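Asker: Shown below is the structure under consideration.
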Amino acid sequence: MSEPRSGTAIERYYKFHARIYDATRWSFLFGRTAILRKAVAAGARPTRILEVGCGTGKNLANLCRHFPEASITGLDLSEAMLNISRRKVARWGDRVQLVQRAYDAPISAEKPFDFILCSYALTMFNPGFDVAIDAAYADLAPGGHIAVVDFHNTPFRWFARWMGVNHVRMEAQLQPKLESLFMPVVNQVARAYLGVWRYLFFVGKKEK
């Protein structure tokens, strides 16, 4: 997970949670490896990658392995999370660049990316998920792919409230915005824990 544009509360949240993030989130963050397989199956062959909300670098390491020729940028607002990420990707040297900032505007107008990954980040951009998706559209080269795996919704108010305490909004808000900008190649919703919540797989292509 990552952060909305207004980062103060999130930065405090992750200053503590960064230390236990990888040990605890495996039971909630389903599909982080599967989304890369789905992107490859959808035709993604990137050479320049952006991960929005890169957190502790788990996905960055997977991206380095999946796409050994690609240069990769990881973006996150939390300094504590990036410190962990920096150690995790050190073996790949200057193939991986880390940027600390909110994703409320494009970061590479002159040199666009051909693959953007958002893994359990956008539902924590409250407000600002739509601004971040607009920024991703601007940062993505024509013909490039965006891949999103994230929380979708839940039928249980108690669970939605509990997730809200953890800065996550689960109102199926991402899918319509993604569909409005990108041509869907993968557009699936899966169930977690027998339907306590559902999560979204989306791979979209920016049309040329």
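Asker: Would you confirm whether any residue within the stretch 93-107 is under 15 Å from Val149 (Cα atoms) and either modelled with pLDDT under 95 or not in a loop (DSSP other than H, G, I, E, B) (or both)?
Answerer: Step one: list which residues in the stretch 93-107 are under 15 Å from Val149 (Cα atoms), which gives none.
Within the stretch 93-107, none of the residues are under 15 Å from Val149 (Cα atoms) and either modelled with pLDDT under 95 or not in a loop (DSSP other than H, G, I, E, B) (or both).
Asker: For the stretch 175-186, name all the residues that are exposed (fewer than 15 other Cβ atoms within 10 Å of the Cβ) and more than 12 Å from Phe129 (Cβ to Cβ). It would help to see each step written out before you state the result.
Answerer: Restricting attention to the stretch 175-186, the residues satisfying the condition of being exposed (fewer than 15 other Cβ atoms within 10 Å of the Cβ) are 176, 179-180, 183-184.
Across the stretch 175-186, the qualifying residues are Glu179, Ser180, Met183, Pro184.
Asker: Go through Ala172, Ala121, Ala141 for me and flag whichever is crowded, with 20+ Cβ neighbours inside 10 Å and either of a type in the set (A, V, I, L, M) or within 21 Å of Ala42 (Cβ to Cβ) (or both). Lay out the reasoning, then the answer.
Answerer: Values: Ala172 fails: crowded, with 20+ Cβ neighbours inside 10 Å; Ala141 fails: crowded, with 20+ Cβ neighbours inside 10 Å.
Result: Ala121 is the single residue among Ala172, Ala121, Ala141 that is crowded, with 20+ Cβ neighbours inside 10 Å and either of a type in the set (A, V, I, L, M) or within 21 Å of Ala42 (Cβ to Cβ) (or both).
Asker: Looking for whichever is among the hydrophobic types (A, V, I, L, M, F, W, C), in contact with a strand residue (DSSP E or B) (Cβ under 8 Å, 6 or more places away or on another chain) and either surrounded by 21 or more Cβ atoms within 10 Å (Cβ to Cβ) or farther than 26 Å from Asp130 by Cα (or both) here; the options are Ala90, Ala61, Ala34, Ala70. Which one fits? Step through it out loud before you land on a result.
Answerer: Numbers: Ala90 fails: in contact with a strand residue (DSSP E or B) (Cβ under 8 Å, 6 or more places away or on another chain); Ala61 fails: in contact with a strand residue (DSSP E or B) (Cβ under 8 Å, 6 or more places away or on another chain); Ala34 fails: either surrounded by 21 or more Cβ atoms within 10 Å (Cβ to Cβ) or farther than 26 Å from Asp130 by Cα (or both).
The conditions single out Ala70.
Asker: How many residues are buried (at least 24 other Cβ atoms within 10 Å of the Cβ) and farther than 19 Å from Ala132 by Cα when one looks only at the stretch 73-87?
Answerer: So the count comes out to 2.
Asker: Then there is this: Consider the stretch 160-193. How many of its residues are of a type in the set (A, V, I, L, M, F, W, C) and outside any helix (DSSP H, G or I)?
Answerer: Just the residues of the stretch 160-193 that are of a type in the set (A, V, I, L, M, F, W, C), to begin with: 160, 162-163, 165, 168, 170, 172, 174, 178, 181-183, 185-186, 189-190, 192.
Pick out the ones that are also outside any helix (DSSP H, G or I) and you get 168, 170, 172, 182-183, 185-186, 189-190, 192.
So the count comes out to 10.
The values are calculated or read from the model by the stated rules, or taken from the named source; none is laboratory data. Just so you know, these numbers come straight off a predicted model, no measurement behind them. Cβ atoms come from the backbone with ideal geometry, glycine included; neighbour counts cover every protein chain shown.
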